[in-house]
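Written below as structure tokens is the structure these notes are about.
The values are calculated or read from the model by the stated rules, or taken from the named source; none is laboratory data. Note that the coordinates shown come from a computational prediction; the quantities given were computed from them, not determined experimentally. Note that we place each Cβ from the backbone using ideal geometry, even for glycine, and neighbour counts take in every protein chain shown.
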Amino acid sequence: MAPHRQVTQLLDMLAALDGPALAEMDPADARAAYAAMGAMNPPTETPPVMRDLEIDRPDGSVGARLYLPGGDGPHPVLVWYHGGGWVIGDLETSDATARTLCVKAGIAVLSVDYRLAPEHRFPAAVIDARAALDWARSGGDGEVDGTRVAVGGDSAGGNLAAVVAQQARDEGVHLAHQLLVYPATDLTRSSASYVENADGYFLTADTMKWFCDHYLGDTDPTDPVASPLHATDLKGLAPATVITAELDPLRDEGEAYAAAMSEAGVTVELVRYDGQIHGFLGLHALLDDANTALEAASVTLAEALG
């Protein structure tokens with residue numbers, strides 16, 4: 001299928017900027033460019049409470065932002081991990097999405113500012129992601145309900161959500177749901193969609209190599225803590241919603257992870273957005289499908305978290 005009309009307009013606009021590709025930048029410049037793109041998608045929702053906080057981890061702390069809906073707490077909570085290839089992105093680039101999920105689902109959202117590579121390579125982001133989940137499960141400061149916790153994220157954030165969901169399962173921890181949005185699940189980057197969608201649709205195969213090289217260093221990409229699709233046992237995982245985009249190098253690995261979970265007996269809803277590109281969920285000001293996906297995800301989260 002051809003790109004959605006709105007996607008074509010977006011790609012034409014980005015091409016007209018005639019800037020270097022992310023894979024040609026150093027990480028600092030790439031972060032600035034990604035932040036500038038995020039400014040194209042201003043938030044449309046304002047949760048009653050938003051506050052930044054620091055969460056303890058074994059050797060320091062993790063930044064986070066807590067979004068709270070109206071009414072008395074403690075509130076069920078989604079722990080949300082932003083995208084950006086483990087190299088770029090932060091609380092600001094994920095702010096509009098976190099606000100929307102908080103307001104539309106009527107739940108708390110804990111957005112996690114995990115450490116970025118290459119300054120902090122694998123498994124630093126996983127350690128931070130897990131610290132945030134543990135904070136939510138403990139009830140935080142009393143504003144969130146540690147018995148009603150979901151995890152979610154987009155792209156690299158979807159990877160982190162899938163990894164910590166596996167860790168939680170291994171420890172007998174019950175999670176209410178996984179919201180995995182075009183997740184990176186196989187860092188070998190060997191699926192057919194890497195060839196089919198290698199160039200021309202915002203995220204390229206070269207950019208994913210740049211991300212993975214910065215994040216993994218010498219780590220084996222088949223390590224299941226890096227590539228959750230390579231885990232030997234997916235039984236007993238939390239129910240999952242997996243969202244993929246047709247014109248995305250990561251499409252096949254996201255759908256393969258959905259299929260593998262389903263085969264293991266996990267309740268999975270897989271939704272592919274035809275004509276869409278990687279990153280579309282974070283562009284609701286420009287893409288109607290982003291609003292459709294956010295609305296549907298909000299309904300699912302509200303139901304899963306009760």
Considering each of A259, A297 in turn, give the residue that is crowded, with 22+ Cβ neighbours inside 10 Å, at pLDDT 95 or above and either touching an Asp or Glu at 6+ places or on another chain (Cβ under 7 Å) or of a type outside the set (F, W, Y) (or both). A297
For segment 128-148, how many residues are in contact with a helix residue (DSSP H, G or I) (Cβ under 7 Å, 6 or more places away or on another chain) and more than 26 Å from I88 (Cα to Cα)? 3
Given the residues A117, A32, A96, A105, which is the only one that is aliphatic (A, V, I, L, M) and without any contact (Cβ under 8 Å) to a residue 12 or more places away in the chain? A32
Kindly evaluate R137 against the criterion of being more than 23 Å from D213 (Cβ to Cβ), charged (D, E, K, R), buried (at least 21 other Cβ atoms within 10 Å of the Cβ) and in contact (Cβ under 8 Å) with a residue 24 or more places away in the chain. no
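Scan L78, L91 and give me the residue that is over 24 Å from M208 (Cβ atoms) and of a type in the set (A, V, I, L, M, F, W, C).
Numbers: L91 fails: over 24 Å from M208 (Cβ atoms).
When all the criteria are applied, what remains is L78.
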Counting just the residues of segment 236-274 that are aliphatic (A, V, I, L, M) and assigned to a loop (DSSP other than H, G, I, E, B), which one comes out nearest to the chain's Cα centre (by Cα)? L250
Among L179, L133, L101, the single one that is farther than 23 Å from A226 by Cβ and hydrophobic (A, V, I, L, M, F, W, C) is L101
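Scan segment 142-199 residue by residue and report those that are of a type in the set (S, T, Y), over 25 Å from D289 (Cβ atoms) and either assigned to a loop (DSSP other than H, G, I, E, B) or touching a Pro at 6+ places or on another chain (Cβ under 7 Å) (or both). Steps first, answer last, please.
Step one: list which residues in segment 142-199 are of a type in the set (S, T, Y), which gives 147, 155, 182, 185, 188, 190-191, 193-194.
Checking the rest, the ones that are also over 25 Å from D289 (Cβ atoms) come to 147, 188, 190.
Listed by number, the residues that qualify are T188, S190.
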I need a count of the residues in segment 149-174 that are of a type outside the set (G, A, S) and buried (at least 23 other Cβ atoms within 10 Å of the Cβ). 7
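Please work out if D220 is charged (D, E, K, R), part of a loop (DSSP other than H, G, I, E, B) and free of Cβ contacts under 8 Å to residues at least 12 places away in the same chain.
Numbers: charged (D, E, K, R): yes; part of a loop (DSSP other than H, G, I, E, B): yes; free of Cβ contacts under 8 Å to residues at least 12 places away in the same chain: yes.
Answer is yes for this residue.
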When you go through R65, R51 one by one, which is the residue that is basic (K, R), buried (at least 16 other Cβ atoms within 10 Å of the Cβ) and in contact with a strand residue (DSSP E or B) (Cβ under 6 Å, 6 or more places away or on another chain)? R65
Residue check, A290 against (1) touching a Phe, Trp or Tyr at 6+ places or on another chain (Cβ under 6 Å); (2) outside any loop (DSSP other than H, G, I, E, B); (3) over 23 Å from R5 (Cα atoms), all met but one. Which one? (3)
What is the residue count in segment 61-108 for residues that are of a type in the set (D, E, K, R) and either closer than 20 Å to A176 by Cα or in contact with a Ser or Thr (Cβ under 9 Å, 6 or more places away or on another chain) (or both)? 4
If we only count strands (runs of 3 or more DSSP E) wholly inside segment 9-126, which ones have 2 or more residues that are over 20 Å from the mean Cα position of the chain (by Cα) and more than 13 Å from G282 (Cβ to Cβ)? 49-57, 60-68
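Scanning for something closer than 18 Å to D154 by Cβ and of a type in the set (D, E, K, R), does segment 6-18 turn up at least one residue?
First pass over segment 6-18, keeping only residues closer than 18 Å to D154 by Cβ: 7, 10.
Narrowing further to those that are of a type in the set (D, E, K, R): none.
Scanning segment 6-18 turns up no residue that is closer than 18 Å to D154 by Cβ and of a type in the set (D, E, K, R).
Looking for something free of Cβ contacts under 8 Å to residues at least 12 places away in the same chain and in contact with a helix residue (DSSP H, G or I) (Cβ under 9 Å, 6 or more places away or on another chain) - is there at least one such residue anywhere in segment 281-290?
Going through segment 281-290, the residues free of Cβ contacts under 8 Å to residues at least 12 places away in the same chain turn out to be 290.
From what is left, the residues that are in contact with a helix residue (DSSP H, G or I) (Cβ under 9 Å, 6 or more places away or on another chain) are 290.
Yes, because at least one residue in segment 281-290 is free of Cβ contacts under 8 Å to residues at least 12 places away in the same chain and in contact with a helix residue (DSSP H, G or I) (Cβ under 9 Å, 6 or more places away or on another chain).
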